[in-house]
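Just so it is clear, none of the values below were taken in a lab; they were calculated from the coordinates. Being a predicted model, the structure only gives us computed values, none of them experimental. Cβ sites come from the backbone with ideal geometry, for glycine too, and all protein chains shown count toward neighbours.
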Amino acid sequence: MSGKIFQKIIDNGFYISTEGYKLINPNFENELDDKTGMYRPKEEFIDDKFLDISISYKIDYIDLSNRIFGCNPNTKLGQVENTYLAQSTNYQRNYKATSGAIVKETLRYLFNTNQIQAAIAVQKTGKLKYEPTKIMNIEEIDRLPSSIYHMVDYTNTLKILKESKEKKFVVVGTPWQIDGMYQYIFKKEPKLKNKIVLTIGLLTGWYFTYHTVKALCRFYNLDYNALDNIVYRGNGKSGKTRLIFENGKQKIFERFTFKSLVAFERYFNVPKFLIEVNTQNMLADLVVGDAHTKDCAYSKTGISLVIARSKKADEILNKMKKRDKIRLLKTDNEHVVRSQKRDRLYGDFAWSYMKYLNKIGEFSPEILAPSKNHYKSIAEAELEKFHRILKRRRKLLSEGKYWQIFIEKYSFQSFGLYKKLICQVLEKIGLIIFPRNLFNRNNYHDKEIREIFI
Ligand SMILES: Cc1cc2nc3c(=O)[nH]c(=O)nc-3n(C[C@H](O)[C@H](O)[C@H](O)COP(=O)(O)OP(=O)(O)OC[C@H]3O[C@@H](n4cnc5c(N)ncnc54)[C@H](O)[C@@H]3O)c2cc1C
């Protein structure tokens, strides 16, 4: 029976490759499925034992939050001690990083103060392949990649934690990576928790299948098989996307082109992400995202939006500030909501869509989270339409018909998209002609932001 449920999880695209199954069955392996553009367990490993630890089947954020922080979450965003805007004081490091280089500065600080012996962070391990790896010294930190938006196989996280002789780790990870890690630890091996000094979580709005990368290659007429790497961010506040080939050649383009808007549309997401209610990384001590509000628009290097969930994380940030490693400005939860989209944080779409899936007899996971009773419902007609398009797009994706998706997107479904594009162009023009207006329009602490970060 549970084997059948797990098959539904796979078929719906809800498996996200973070569970600690390798610790239960050392032979376990994921494989990259060309049709879905996602990792999935090799057929022989789909069995009953999976469900017990799978975050795609069941997860209780209230209980896990209690075990980690010792109390029920105190806000709808999860447990929050303080929220900040922050940025490294090292210009080069900041410039190269995804947003404010807070991940890298925190890792450096923890190594320099001997609070950790090793870090687990995602690095490139093969052609387009990224995996969690063990980092033992400070020189490796600046070589860590900026955000990787295509699917990563996270199986190694728990394996490294368990099998390493080092006893003091920091783990850098996406929400589903940290959720999967703690779900396994508290269900199976609670002692492993003692090895974790701190978790640094990424705030995540999107997560794409390999089809995104393949579609980019198709649209720009490039050879996917010769592609070695993709750099999505870095080199400035947002930076351009770079496709890097085995022969060293590169294709560089802006994120907002007609072609890339298709490859990065929501139907190209890992489907689990369409029902994700924890983009805010509720179980991580220190959470880092991009500061997207207009009052931060002037930074040339990038500013991070930071949530300190534990007292320890809060202390670390303030000590880094004292040592002049970072600039730090206290803000509030409202700023976090303004910076991300409300829907992304409170799961308006995700909760509504899960309800819709249940109604039509489809599988959706059992989830308990602080936002469960606070989301705004999406109209059923909209969900029905979404579901219909998703099914069709997944079929087209599995057949590699990216140009057909392109044509459909820009023909009959796209009034909202044109409106968005026009607004973006107007906004860019407005930014050039009336730069000061942005500050006047926005909000209570623009002045401090300018003084501290710009
Ligand atoms: C899939 C994804 C979606 C995201 N979506 C949003 C969003 O919608 N809104 C938002 O505000 N922020 C989002 N982020 C977070 C944001 O892009 C930055 O990662 C964050 O601001 C940290 O910036 P930094 O400059 O401090 O990190 P850096 O100092 O540049 O360090 C980046 C760190 O992230 C690790 N890393 C990179 N990619 C991955 C990955 N796929 N899985 C695990 N670890 C990884 C690297 O190993 C490195 O340690 C997303 C990140 C990812 C990976």
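Please give the length that would be gained between LYS249 and ILE360 if that part of the chain were fully extended, namely 0.36 nm times their separation in residues minus their C-alpha to C-alpha distance (nm, one decimal).
Stretched out fully, the LYS249 to ILE360 stretch lengthens by 35.1 nm.
Which shape class, rounded, prolate or oblate, goes with segment 88-201 when its Cα gyration tensor gives a ≥ b ≥ c as root eigenvalues, a/c under 1.5 marks rounded, and past that a/b bigger than b/c marks prolate?
Because a/c hits 1.5 or more and a/b fails to exceed b/c, segment 88-201 counts as oblate.
Taking the Cα centre of segment 203-330 as origin, sum charge times position over the Cβ atoms of Lys and Arg (+1) and Asp and Glu (-1), and report the length of that vector in debye to the nearest 20.
For segment 203-330, the charge dipole is close to 480 debye.
Using the Cα centre as the reference, give the magnitude of the dipole from point charges on the C-beta atoms of the chain (Lys, Arg: +1; Asp, Glu: -1; all else neutral), rounded to the nearest 20 debye.
It works out to roughly 960 debye.
What order, most packed first, do the peptides 336-343, 168-175 have when packing is the mean number of other Cβ atoms within 10 Å of each residue?
My ranking of the peptides, most packed first, is 168-175, 336-343.
Is any helix in the chain, taking whole DSSP H runs, at least 24 angstrom long along its axis by alpha carbon and on average at least 0.5 on the Kyte-Doolittle scale, and which ones?
Long hydrophobic helices here: 415-433.
Setting aside same-chain residues fewer than 8 positions from LYS191, which lysines have a Cα under 16 Å from its Cα?
LYS159, LYS162, LYS165, LYS167, LYS168
Given the rule -39500 (n - 2.57) for each run of at least 4 DSSP H residues, summed and divided by the residues of the chain, what is its mean residue ellipticity at 222 nm, to the nearest 500 deg cm²/dmol?
That calculation yields -11500 deg cm²/dmol at 222 nm.
Under a 5 Å amide H to amide H cut-off, with H placed in plane at 1.01 Å, what residues pair with TYR207 once short-range neighbours are removed?
VAL270
Under 5 Å between amide hydrogens, which residues at least 5 positions from GLU29 or on another chain qualify, with H placed 1.01 Å from N in the peptide plane?
Placed amide hydrogens put LYS42 under 5 Å from GLU29.
Can you give the % of DSSP beta bridges in the chain that are antiparallel, to the nearest 5?
About 70 percent, rounded to the nearest 5.
Shape call for segment 193-293 from the C-alpha gyration tensor, a ≥ b ≥ c root eigenvalues: rounded (a/c under 1.5), prolate (a/b greater than b/c) or oblate?
The shape class here is prolate.
Can you tell me how the chain classifies by the Cα gyration tensor, rounded, prolate or oblate, using a/c under 1.5 as the rounded cut?
Rounded shape, in that the Cα axes give a/c under 1.5.
Charges on Cβ only, +1 for Lys and Arg, -1 for Asp and Glu, centred on the Cα centroid of the chain; of ILE303, LEU51, GLN79, which one is farthest towards the dipole's positive end?
Going by the charge dipole, the pick is ILE303.
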